[in-house]
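Colleague: Please read through the structure below; I'll follow up with questions.
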Amino acid sequence: FTEVYEDTSHRIAPIDAAEARAAIEELTAAELLAGYRGSEPADVDALADVVAAVGDLVTEHEAISEVDVNPVLATADGAVALDALVVLGGDE
């Protein structure tokens, strides 16, 4: 639904988990991650770790020109990328 609702937040990599969490908290959908109608809150710290790790990946490997991680599933038990595309094209 990110594309449908244009609910995005941007940072320039690399970022740490605290900055990733701040970006996540800017999203309108952040309220959904906090739990609603009796659902458990998602592990936002784990989601922030995923976001920070993707940033580290692209900054540590110059051959990567593009990364698309979508979707990332965030639950009360953690966060995991369900699909990802990595495009190579750098000078490494």
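The values are calculated or read from the model by the stated rules, or taken from the named source; none is laboratory data. Here the structure is a predicted model, which is why all the values come from computation and not from measurement. As a convention, Cβ positions derive from the backbone with ideal geometry for all residues, glycine included, and neighbour counts pool all protein chains shown. The protein model used for the area step is the full one, side chains on, heavy atoms only, and it has no ligands, DNA or RNA in it. Shrake-Rupley method; radii C 1.70, N 1.55, O 1.52, S 1.80 Å.
Colleague: Failed condition for residue 62, given (1) assigned to a loop (DSSP other than H, G, I, E, B); (2) within 22 Å of residue 3 (Cβ to Cβ); (3) not aromatic (Phe, Trp, Tyr), with all others met?
Modeller: It is condition (2) that residue 62 fails.
Colleague: Give the number of residues within segment 17-54 that are small (Gly, Ala, Ser), over 21 Å from residue 5 (Cα atoms) and either modelled with pLDDT under 95 or open to solvent by 60 Å² or more (accessible area, probe 1.4 Å) (or both).
Modeller: 3
Colleague: Just to be sure I understand, how many residues within segment 1-30 are closer than 23 Å to residue 58 by Cα, in a helix (DSSP H, G or I) and among the aliphatic types (A, V, I, L, M)?
Modeller: 6
Colleague: Now for a separate question. Inside segment 59-84, can you point out the residues that are more than 29 Å from residue 34 (Cβ to Cβ) and within 16 Å of the chain's Cα centre (by Cα)?
Modeller: Residues satisfying the conditions are 59, 66.
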